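Here's the structure we're looking at; comments come further down.
The values are calculated or read from the model by the stated rules, or taken from the named source; none is laboratory data. None of these values were measured; they are calculated from a predicted model. For neighbour counting, all protein chains shown are included, and Cβ atoms are generated from backbone atoms with ideal geometry for every residue, glycine included.
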Amino acid sequence: MADIRSVLRQHRLRLLQIDGVVGVGVGREGEEEVLKVLVEKRSPQQARQIPERIGGYRVVVVETGPIRAERTRGGASDEA
């Protein structure tokens, strides 16, 4: 089985193109390494498009709710 990070790199763009997917990553569930797919809100359409396993690794879907970037305080961009 390929390294989980290599598998993620190979499938990252395809997963991010699925409507409602806001992120992907690697995680652990107990002793098992898993691929995590972050979705704003679960939907039946996503369930059909996101496989249960990729490259031999289990895929775990995590509902995150909306994700927004926020401006940081005191950073270099604030001083410009």
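Here are ARG68, ARG48, ARG58: which of them is over 11 Å from the mean Cα position of the chain (by Cα), in a loop (DSSP other than H, G, I, E, B) and not hydrophobic (A, V, I, L, M, F, W, C)? Lay out the reasoning, then the answer.
Working: ARG48 fails: in a loop (DSSP other than H, G, I, E, B); ARG58 fails: in a loop (DSSP other than H, G, I, E, B).
When all the criteria are applied, what remains is ARG68.
Determine whether GLY65 is surrounded by fewer than 16 Cβ atoms within 10 Å (Cβ to Cβ) and modelled with pLDDT under 95. It would help to see each step written out before you state the result.
Numbers: surrounded by fewer than 16 Cβ atoms within 10 Å (Cβ to Cβ): yes; modelled with pLDDT under 95: yes.
Criteria met by GLY65.
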Unique residue being at pLDDT below 95, within 24 Å of ILE4 (Cβ to Cβ) and out of contact with any Cys (no Cβ under 7 Å at 6 or more places or on another chain) when the list is ALA47, ALA76, ALA80: ALA47
In the stretch 1-21, the residues that are farther than 15 Å from ARG58 by Cβ, hydrophobic (A, V, I, L, M, F, W, C) and surrounded by 12 or more Cβ atoms within 10 Å (Cβ to Cβ): LEU16, ILE18, VAL21
Selection count where residues are modelled with pLDDT of 95 or more and either in contact with a strand residue (DSSP E or B) (Cβ under 9 Å, 6 or more places away or on another chain) or within 15 Å of THR64 (Cβ to Cβ) (or both), scope the stretch 1-18: 10
Which numbered condition GLY25 misses (of (1) assigned to a loop (DSSP other than H, G, I, E, B); (2) of a type in the set (Gly, Ala, Ser); (3) in contact with a helix residue (DSSP H, G or I) (Cβ under 8 Å, 6 or more places away or on another chain)): (1)
